[in-house]
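Only one structure is covered here, and it is reproduced in the block below.
The values are calculated or read from the model by the stated rules, or taken from the named source; none is laboratory data. The structure presented is a predicted model; accordingly, all values stated were derived computationally and were not measured. For neighbour counting, all protein chains shown are included, and Cβ atoms are generated from backbone atoms with ideal geometry for every residue, glycine included.
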């Protein structure tokens, strides 16, 4: 296992039902290593980078992949059956071989179905390449036993933890924070508040929102999906049968800018919206510095599937807020600073809420440190607030 945290990352795919269905495979780059010979050490990183790009494009947001040895990539296709998933793996490997070797005749030998995952060990067997090549209709060639119950797969947490691009293991958790309308201080529902923790050399560190925003697009996508999965899980397990009005779902702009990310999030918004009375509120995060035209396009794409589209701010400078004019955002949201005196708090809230109301109809201010400060926010024009919980 060459990737940090690989054992923990792969353990959640050890369900025999998942393995028996043929949804977990390996592709081997041994053909490239063998052909390169002494040049392999010098060129291996180039090969890994190219293979990673191929897999990011092919596996997409609904699947998972990880390099687990000097030549092997571990791949999960949860939404494909045995034959279709193995055909996809053949396509990935053929693209890599053709790029580096100019031919792909050895591809059929480099795709293996994973049969067992144990601590520090992955066992696999070579696929029946002739059966895969003969399957011209993909899923039509599947055996009835290839289907895995959707609920059973969903019980396997496929989003977190995961190994990030920088080699750290990342774990995502989400809490449901009550949000109140300020006119009558009535609860409108909950916001999914995410926590992102990175582990390196056995030490776990909670990442700030600014650090999360700097993660790679692929890592942000996994963080977003993990947050939604955790939030839905908490809503179902902690709801006590109560039908909530709405749920605020955070989504990174970088994820929405991806075609595959958008498709996945539309599906998630529909699922989340079905769990509450009024539907889901979409909160687009990490929007600082995004061109207004690009943000407008993202807002337009998700608006049909959300009762409200909110822009989440990390900083509340008047100039930065003014740049959001004309982006189609119906509301803006931001956190209260925690270390301000009463006078400083009033000055901050007056400027921030005033600037936000010139751009959007509603202003959501999170994590007020007391009911008194929540009341001040309401007086200054905030439409919704949440209270800091310890």
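Key figures for this structure:
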| quantity | calculated |
| --- | --- |
| Test for residue 228: is it more than 27 Å from residue 352 (Cα to Cα), touching a helix residue (DSSP H, G or I) at 6+ places or on another chain (Cβ under 6 Å) and not assigned by TED's automatic domain parsing to the domain that holds residue 63 | yes |
| Test set (1) out of contact with any strand residue (DSSP E or B) (no Cβ under 6 Å at 6 or more places or on another chain); (2) assigned to a helix (DSSP H, G or I); (3) more than 22 Å from residue 288 (Cα to Cα) - residue 377 fails condition number | (1) |
| Residues being touching a helix residue (DSSP H, G or I) at 6+ places or on another chain (Cβ under 8 Å), at pLDDT 80 or above and surrounded by fewer than 17 Cβ atoms within 10 Å (Cβ to Cβ) - total across region 1-44 | 7 |
| Residue 140 vs. criteria modelled with pLDDT under 70, surrounded by fewer than 22 Cβ atoms within 10 Å (Cβ to Cβ) and more than 23 Å from the chain's Cα centre (by Cα) | yes |
| Matching residues in region 59-92 - criterion: being over 16 Å from residue 29 (Cα atoms) and part of a loop (DSSP other than H, G, I, E, B) | 60, 61, 62, 63, 77, 78, 79, 80, 81 |
| Filter result for residue 234 (assigned by TED's automatic domain parsing to the domain that holds residue 329, farther than 27 Å from residue 59 by Cβ and in contact with a strand residue (DSSP E or B) (Cβ under 6 Å, 6 or more places away or on another chain)) | yes |
| Single unsatisfied condition, residue 178 versus (1) modelled with pLDDT under 85; (2) surrounded by fewer than 17 Cβ atoms within 10 Å (Cβ to Cβ); (3) out of contact with any helix residue (DSSP H, G or I) (no Cβ under 9 Å at 6 or more places or on another chain) | (1) |
| Number of the exception - residue 116 against (1) loosely packed, with under 14 Cβ neighbours inside 10 Å; (2) outside any strand (DSSP E or B); (3) modelled with pLDDT of 50 or more | (2) |
| When residues of region 288-316 are limited to those that are without any contact (Cβ under 8 Å) to a residue 12 or more places away in the chain and assigned to a loop (DSSP other than H, G, I, E, B), the one nearest to residue 250 (Cα to Cα) | 289 |
